[in-house]
């Protein structure tokens with residue numbers, strides 16, 4: 001069955017396994033099983049081998065363009081000693097894959113990769129054991145190779161001949177015999193990504209491409225502003241328009257279904273023109289956003305240090321940094337396809353959490369969760385919580401109104417820009433003093449932020465559910481606790497500072513709806529801390545790289561800093577007018593991948609325009625399964641960060657968001673991409689996997705700010721660092 005046929009079938013692949021709660025496999029106080037095995041401990045939750053010898057891997061994580069499919073295939077292929085080409089993978093499907101929650105926080109390799117690797121290694125040893133019994137020899141005399149078990153006489157029993165019944169229907173063990181790094185044939189090799197060919201050849205890659213037979217098209221009419229109530233709409237007139245199959249109104253939820261997409265768009269526009277809304281809350285003045293945020297009630301937590309402020313003495317430096325609301329800005333607007341049949345709903349979605357979404361949809365539709373089936377398909381661009389879950393709710397509600405037919409909903413660009421949950425605006429402050437040797441003696445850092453996750457799990461997290469005649473109330477916003485954190489992610493510096501204190505001021509009230517944007521608060525906190533480190537280095541009369549190294553004890557951190565500086569040619573830099581260099585470093589979440597970025601940028605003093613000429617990064621992600629995949633992630637993270645840092649800011653007036661198109665929300669275009677980006681992968685064979693996907697964003701932003709300051713002498717502390725702001729700083 002071809003991939004497209006599989007998805008159109010509603011995911012009718014039947015896999016004979018069950019998922020046991022992790023607690024059943026962890027009676028008493030045993031240490032947790034590796035990775036996500038602790039939650040789904042049966043091997044056949046993760047690995048299936050068919051009679052034809054083909055291997056299928058199951059993961060609850062979703063492919064988001066980060067190349068996770070390829071890396072997970074490599075892990076299974078290595079441990080089973082098979083060619084990666086015979087390994088298929090099924091991702092994020094509530095009917096067939098383990099429940100791994102959200103694909104978020106750069107956890108895919110750490111959680112799913114670790115689980116699949118250990119499951120595959122244990123499966124290999126089980127199959128060797130079966131072969132040993134069959135051959136009447138010791139398992140130690142046999143070896144897995146070429147998709148089977150090789151005998152001493154050179155013969156081979158294929159895995160397909162060995163698997164029978166429930167051979168792999170066993171609980172995972174605490175420790176499996178992993179293939180040692182010296183014998184790796186697949187791990188550590190740059191392998192072409194399996195998700196790329198269809199994307200570059202126009203194949204069916206995204207949920208947007210899905211076209212099941214009999215599919216109808218639909219559009220929704222969203223409120224003009226968050227919280228607006230629908231007073232009236234000419235439903236009857238829209239229902240008489242050509243091709244319209246159904247107009248659905250439930251409270252303030254308004255949508256239309258038609259036979260063709262253009263018919264749905266025309267009817268949606270007619271409905272929108274006829275609709276009358278009652279708008280509610282007023283937004284803060286845009287030029288007073290940060291003072292408005294600082295004026296809101298906060299829940300304060302000291303996440304590092306003591307109850308009292310550090311003892312500042314000697315040379316003291318302080319600064320405040322600001323970040324606006326930013327969009328996910330997915331190139332392909334959010335899209336979903338849903339079908340109601342026989343009392344059950346199937347939803348094809350690019351949600352990053354199919355199981356939490358299933359629970360939210362079941363609650364909204366008043367169905368048992370077993371009657372809701374969510375299948376992940378890629379979306380065209382997104383890291384974080386954009387409109388994917390909301391559009392899935394739209395599709396489910398409209399499919400309920402037209403049983404038996406798949407209903408496709410795609411948001412319009414203006415709906416995507418004005419309706420998605422944004423990355424929160426933030427304010428940070430830093431204060432530090434230097435001792436006589438030029439070292440940091442005291443440090444106080446504070447961050448003000450809304451929540452960084454309103455992802456679904458409950459119906460109240462879905463925009464459509466909030467608009468129903470009997471609405472679902474959003475759960476109270478919550479801070480994500482340390483050590484990973486949300487708004488305070490990476491707020492605790494990795495540097496060695498004798499007297500340091502960090503305070504998180506969590507703001508429950510949200511002027512605009514916000515949620516997870518790639519790296520959460522780490523982007524802003526690393527931008528702030530690493531900009532401040534340069535300011536302190538200047539005050540100490542020290543080289544920025546040397547200043548960082550003198551405050552670091554972590555050997556791996558020091559290694560990536562040196563690797564980036566050496567490859568960039570930091571020590572041989574020659575200053576030129578209008579050209580500057582910048583450096584920044586962080587370990588994502590202080591527990592994931594290490595990343596250092598050095599870059600060179602030119603600043604046009606007449607226009608304020610900034611162009612990055614060259615960026616060099618070094619990253620340590622633990623054991624590198626697919627080095628090229630790691631480079632992809634770091635390169636993409638740098639480019640995305642430069643877009644955020646140079647251009648992106650949500651505009652709004654007192655009533656609503658006004659950034660409704662790419663003119664109102666500019667992003668980085670091809671001419672603005674760095675002339676060269678280079679990534680050094682510091683491989684650590686045998687070390688645990690460290691999440692990479694969100695490691696580069698903060699360092700890239702700070703390195704750019706530091707390069708602008710070096711090129712122009714102007715230190716800019718408010719994002720984005722656009723041409724107007726840079727020019728104003730130069731003229732100040």
>> Tally up the residues in the range 160-178 that are surrounded by 13 or more Cβ atoms within 10 Å (Cβ to Cβ) and more than 25 Å from residue 30 (Cβ to Cβ), please.
In response: 4
>> For the range 516-538, check the following and say yes or no: at least one residue is in contact (Cβ under 8 Å) with a residue 40 or more places away in the chain, assigned by TED's automatic domain parsing to the domain that holds residue 444, surrounded by fewer than 18 Cβ atoms within 10 Å (Cβ to Cβ) and not in a loop (DSSP other than H, G, I, E, B).
In response: no
>> So, residue 114, is that one farther than 22 Å from residue 50 by Cα, outside any loop (DSSP other than H, G, I, E, B), outside the structural domain of residue 681 (by TED's automatic domain parsing) and under 34 Å from the mean Cα position of the chain (by Cα) or not?
In response: yes
> Is it true that some residue in the range 688-706 is closer than 29 Å to residue 557 by Cβ and more than 23 Å from the chain's Cα centre (by Cα)?
Replying inline: yes
>> Just to check your reading of the model, which residue among 696, 702 is modelled with pLDDT of 95 or more and over 27 Å from residue 61 (Cα atoms)?
In response: 702
> Is there a residue being touching a strand residue (DSSP E or B) at 6+ places or on another chain (Cβ under 8 Å), part of a helix (DSSP H, G or I) and buried (at least 24 other Cβ atoms within 10 Å of the Cβ) anywhere in the range 664-687?
Replying inline: no
>> Can you find a residue that is at positive phi and in the same structural domain as residue 402 (by TED's automatic domain parsing) anywhere in the range 302-317?
In response: no
> If you go through the range 456-494 one residue at a time, how many are under 19 Å from residue 353 (Cβ atoms) and outside any loop (DSSP other than H, G, I, E, B)?
Replying inline: 7
> Which of the residues spanning the range 35-64 are under 27 Å from residue 190 (Cα atoms), surrounded by fewer than 22 Cβ atoms within 10 Å (Cβ to Cβ) and either within 27 Å of the chain's Cα centre (by Cα) or without any contact (Cβ under 8 Å) to a residue 24 or more places away in the chain (or both)?
Replying inline: 56
> Looking at the range 101-109, is at least one residue part of a helix (DSSP H, G or I), surrounded by fewer than 24 Cβ atoms within 10 Å (Cβ to Cβ), touching a helix residue (DSSP H, G or I) at 6+ places or on another chain (Cβ under 6 Å) and not assigned by TED's automatic domain parsing to the domain that holds residue 376?
Replying inline: no
>> Any residue at all in the range 485-497 that's surrounded by 22 or more Cβ atoms within 10 Å (Cβ to Cβ) and farther than 30 Å from residue 539 by Cα?
In response: yes
> Out of 64, 72, which single residue is within 26 Å of residue 348 (Cα to Cα) and modelled with pLDDT under 95?
Replying inline: 64
> Which of (1) at pLDDT 95 or above; (2) more than 19 Å from residue 67 (Cβ to Cβ); (3) part of a loop (DSSP other than H, G, I, E, B) is the odd one out, the single condition residue 625 does not satisfy?
Replying inline: (2)
> Could you say which residue among 407, 391 is surrounded by 24 or more Cβ atoms within 10 Å (Cβ to Cβ), farther than 23 Å from residue 656 by Cα and not assigned by TED's automatic domain parsing to the domain that holds residue 693?
Replying inline: 407
> Taking the range 127-157 on its own, how many of its residues are surrounded by fewer than 18 Cβ atoms within 10 Å (Cβ to Cβ) and outside any loop (DSSP other than H, G, I, E, B)?
Replying inline: 11
> Is there a residue being buried (at least 22 other Cβ atoms within 10 Å of the Cβ), modelled with pLDDT of 95 or more and part of a helix (DSSP H, G or I) anywhere in the range 718-726?
Replying inline: yes
>> I'd like to check which strands (runs of 3 or more DSSP E) are fully inside the range 332-385 and have at least 3 residues that are modelled with pLDDT of 95 or more and over 19 Å from residue 455 (Cβ atoms).
In response: 335-341, 344-349
> Among the residues of the range 116-132, how many are within 19 Å of residue 71 (Cβ to Cβ) and in contact with a strand residue (DSSP E or B) (Cβ under 8 Å, 6 or more places away or on another chain)?
Replying inline: 5
>> Give me the strands (runs of 3 or more DSSP E) completely within the range 190-269, filtered to those with at least 3 residues that are surrounded by 14 or more Cβ atoms within 10 Å (Cβ to Cβ), ordered by residue number.
In response: 216-220, 244-250, 253-258
> Hey, any hits in the range 372-385 for a residue that's buried (at least 22 other Cβ atoms within 10 Å of the Cβ), touching a strand residue (DSSP E or B) at 6+ places or on another chain (Cβ under 7 Å) and free of Cβ contacts under 8 Å to residues at least 60 places away in the same chain?
Replying inline: no
> Are any residues in the range 270-306 without any contact (Cβ under 8 Å) to a residue 24 or more places away in the chain and not in a loop (DSSP other than H, G, I, E, B), and if so, which ones?
Replying inline: 273, 287, 288, 291
> How many of the residues in the range 447-483 are closer than 30 Å to residue 317 by Cβ and crowded, with 20+ Cβ neighbours inside 10 Å?
Replying inline: 6
> Which of the residues spanning the range 505-515 are assigned to a loop (DSSP other than H, G, I, E, B) and over 17 Å from residue 321 (Cβ atoms)?
Replying inline: 508, 509, 510, 511, 512, 513, 515
>> Taking the condition of being in a loop (DSSP other than H, G, I, E, B) and at positive phi, how many residues in the range 560-609 meet it?
In response: 3
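The values are calculated or read from the model by the stated rules, or taken from the named source; none is laboratory data. Keep in mind it's a predicted model, so treat the numbers as computed, not measured. Quick reminder, even Gly has a Cβ in these numbers, built from the backbone with ideal geometry, and neighbours come from all protein chains shown.
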